[in-house]
Structures are given as C-alpha cells and as structure tokens.
Amino acid sequence: ISALGFNEANDLFYFTSNHDIKGMGGTGLFSYDFNSGKIKLLYRNPDVDIMGGVYDDKDNLIAVRYQAGYTDYYYLESGNKEAIQQHKGLRASFPEADISITSFTRDNAVATLYVSSDKNPGDFYLYDTKKKSLTYLASTMPQVDPKLMARVEPFNLKARDGLKMFGQLTIPPNKKLEKLPMVVYPHGGPYGPRDYWRWDNRAQLLANNGYLVLQLNFRGSGGYGAGFQEAGYGEWGAKMQDDITDATLWAINQGYADKNKICIHGVSYGGYASMQAVVKEPDLYKCAIPDAGPYDLDYQLRKADSFKGQPKRRKWYFDRMLGENFEALNQERSPAYNLDKLKAPLLIVHGKEDKRVPIGNAYLLEDKLKEKGIKYETVYKKDGHGFQKIPNRIELYETILKFLKKHIGN
C-alpha cells in the first residue's frame, strides 16, 4: 500500500495497492471514502504499476502516471477540472515527452515545469498559469543536444513460457531499423529496478556510435506487479537469463539486429547476466563486456557489503537468488565455473574499490580463464561500483567503442 493523497473536500483518500489480486497484475489506484468506509478500485493497468501522482496547486491528486511503453496518465473524474485541463494542455505543448509540475509560487501564479523524453535528459520551464505562457529556465544537461540523440521505442514480447515482458530499443540516428549491430544492455538490481522509456546516457552513447541497444525488463524487474518480480525469485542464471536470450532472438527474428553482430554489456547484475549469457549461449553473442558483476555467487555472498552485520537477511536474499538449494546450484549458476563452451571475446570491467560487488569476483574469473587458456581484456580502475570518476568513464567508453568496433563492426 502506498499513499497518494486526498481530494479537495478531504473526504476521499487515494492510494495504490495490490491487496485485491494475486499473481500477475500491476498496482491499482483506490479511493477510501471516509463517510461510507468503502474502498473503490478506480483504475488499474493490467501490466504495470502506477508510478506516482499528479497534483494541483493545493496538493490535491488529479491524476496518476504509469509507463507500459510511453508515459501515460489516468485522470480522476472527481479531480480539479481546471488543473486537469491545464495538465493536458501542457502535455499537448510537449508531445512525446514526460512532464511534471514540480512547484508553485505562493500565489500560484507561476509553476515550475520539468520536461524530459527519450532524447532529452530534462529541461525546466517557468509556466505562467494566468497567461498560459512558458519561459525556458534551465537544462539538467545543457551539453546534450536533443536533436542529435537517438529515439527510444518501447516493445513487448512473450518469453518462451508465455510471460509477457516489456523493454525498449534505442535506435541509431539516421539508420533503418534493419539488421543493425546490436548491444544487449541488461539492467542491474535485479529485483526491483527496471529500465524506463527515457534518456539513458550509455544507451545513447552506443546508439550514437551505430549500435542498436536492447534493454529488457526481464522477470524479477520491478514496476510490473509483485507477481512479475516474484517470478524471478530463484531464477538467477536460469529463467531470468532465458528472458534475455528470448529478447535477443526476438530482435534478430524481427529483422532488427544482425545475428552475426550481437554483443552484451551490463553493470552489476547486468555484468553477471553479460557473463552468464556467453557461457549459456556461446553461439549467440560475438562479445561480452561484463562490468562489476558477481561471477561466483558464493564468493559474492561472503564478501559483499550489501548486508554487512545482517547474516540472516543476507541468507534470505541469496535464497531468493537461487532458492533453498543455493549450495547445490552455486557452481551451475556461477559463470566462472562454466567456461568450457565460451567463445566470445571478453572485456572485463571492475572498480578496485567496489564494495557492493568486490573486485575479487573479477580476479576469480581471471584465474578460471587463465586455467582454460582463454584470452581476455580488462579495465580496472581505482573507483567504485560502476565507474563514478569522469576520466575513468571517458577512458572506459573509448575502450568499449574500440572493443565493439573490433568484434561487431561500426
């Protein structure tokens, strides 16, 4: 249950919840009537959770937003009609963008409007509520020119077991969506986080250098209802990995990606998934760039800072990773122990000061690669979990682009 707020009369309380369903399905928007004591379902998207509320100048709820593909809104019938029309008008002024009013002046004469999209990391405007006029204020990243950015298109598909999944493709500018070299880019987490339709710096970097970028919200991702997240429990390296495989094959079968030019790259859990992909599907990927990934899950269990001083919670989390058979499944699901079929060239990336996924994971993987006589490349820096220092990021990005050019072309 998550509180959203009240109506203008203060006799209705709005909240999101999944208390009325089991299994798959997003959170619904509910109202609680203080006079009758009744709870009423107002709206539910069958696929995704509600992301948050939209409010008028008195902090009364007028709408909720959700993202099954592009951002969309559900407006309350009982909401402030003037505020709803104002919000709809602002949306019309910025088609194909996500908008939010972030603040009002005390007299409500001026509002601050935030506008972002797949091509724009975000701009602020001042909105004159009386004149209905907008004045540009500032950009979050003024160095980024939205006109040069790649468009992001949502997609959905069904996994091999029928589970509906969502994701997005970042498409290289001025390129036909046809037999492109592709980088599969799984997100971190994995339980709870998800990728959104929005501007993503690394996806844009790759797309602006000619690569189609595929981001999939595989089972276990957040935002698609409790059942979808729970479907990933116990499935590290198994069904969660199969989902990524299925999305990769989907892009090839749609004719979007060149089957001979596929690489996979991710950070944290995405780093794990990138390494697991090339040991589980050795003929599908032509290269892999695992970044800050755990490659021996038992080592990660013992060394990570995630649950320092909380051994019971740590065990609970790792039981979620592989189920109660953690010890039996560890080597099967840990890519460091399954290198026999590996064919893809590797660029291993890790921060030497990473506490979340200690660099010992990378060293352990190196040892196993050396035992097999497998060559690889590395980028290790004095940095944390996912490089934070700008010089390190620049060097990493330059190295990634060289590696991709070598193995899957421009």
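Numbers below:
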read-out	value
Of all residues making up region 229-274, the number that are open to solvent by less than 10 Å² (accessible area, probe 1.4 Å), more than 19 Å from Phe318 (Cα to Cα) and outside any strand (DSSP E or B)	7
Residue, least open to solvent (accessible area, probe 1.4 Å), within region 344-387, restricted to residues that are basic (Lys, Arg) and more than 28 Å from the chain's Cα centre (by Cα)	Lys368
Residue check, Leu329 of a type outside the set (S, T, N, Q), part of a helix (DSSP H, G or I) and at pLDDT 85 or above	yes
Exclusive hit being open to solvent by 50 Å² or more (accessible area, probe 1.4 Å), under 27 Å from the mean Cα position of the chain (by Cα) and of a type in the set (Asp, Glu), set Glu77, Glu82, Glu96	Glu96
Search result, residues across region 206-228 that are in a helix (DSSP H, G or I), in contact with a strand residue (DSSP E or B) (Cβ under 9 Å, 6 or more places away or on another chain) and either farther than 19 Å from Ala257 by Cα or open to solvent by 20 Å² or more (accessible area, probe 1.4 Å) (or both)	Phe228
The listed residue being in contact with a helix residue (DSSP H, G or I) (Cβ under 6 Å, 6 or more places away or on another chain) and at negative phi, out of Ile99, Ile39	Ile99
Test: residue in region 361-375 that is outside any helix (DSSP H, G or I), under 23 Å from Val184 (Cβ atoms), in contact with a His (Cβ under 8 Å, 6 or more places away or on another chain) and not aliphatic (A, V, I, L, M)	no
The one condition in (1) farther than 23 Å from Gly53 by Cβ; (2) open to solvent by less than 60 Å² (accessible area, probe 1.4 Å); (3) not in a loop (DSSP other than H, G, I, E, B) that Leu137 fails to fulfil	(2)
Among residues of region 34-74, those that are surrounded by 15 or more Cβ atoms within 10 Å (Cβ to Cβ) and part of a loop (DSSP other than H, G, I, E, B), counted	10
Filtered residue count, region 18-27, keeping only those that are surrounded by fewer than 20 Cβ atoms within 10 Å (Cβ to Cβ) and not aliphatic (A, V, I, L, M)	5
Residue within region 115-126 that is farther than 30 Å from Ala150 by Cβ and free of Cβ contacts under 8 Å to residues at least 60 places away in the same chain present	no
All positions within region 343-356 that are modelled with pLDDT under 95 and in contact with a Ser or Thr (Cβ under 7 Å, 6 or more places away or on another chain)	Arg356
Selected residue [farther than 20 Å from Gly220 by Cα and either of a type in the set (Lys, Arg) or open to solvent by 30 Å² or more (accessible area, probe 1.4 Å) (or both)] from Phe15, Phe6, Phe30	Phe6
Qualifying residue in region 293-306 (condition: within 20 Å of Leu404 (Cβ to Cβ) and either under 24 Å from the mean Cα position of the chain (by Cα) or assigned to a loop (DSSP other than H, G, I, E, B) (or both))	yes
Within region 169-204, considering residues that are among the polar types (S, T, N, Q) and over 23 Å from Val278 (Cβ atoms), the one most open to solvent (accessible area, probe 1.4 Å)	Asn174
Verdict on Gly162 being modelled with pLDDT under 95 and closer than 17 Å to Ser221 by Cα	no
Close pairs from region 377-389: first touching a residue at least 24 places away in the same chain (Cβ under 8 Å) and of a type in the set (Val, Ile, Thr), partner surrounded by 13 or more Cβ atoms within 10 Å (Cβ to Cβ) and in a strand (DSSP E or B), Cβ under 8 Å, at least 6 apart	Thr378/Leu347; Thr378/Ile348; Thr378/Val349; Thr378/His350; Val379/Leu347; Val379/Ile348; Val379/Val349; Val379/His350
Only one of Gln168, Gln143 that is polar (S, T, N, Q) and in a loop (DSSP other than H, G, I, E, B)	Gln143
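The values are calculated or read from the model by the stated rules, or taken from the named source; none is laboratory data. Since we're looking at a predicted model, the values are computed, not measured. In this analysis, Cβ positions are derived from the backbone assuming ideal geometry, glycine residues included, and neighbour counts consider all displayed protein chains. The accessibility values were calculated without ligands, DNA or RNA, using every heavy atom of the protein model including side chains. Shrake-Rupley method; radii C 1.70, N 1.55, O 1.52, S 1.80 Å.
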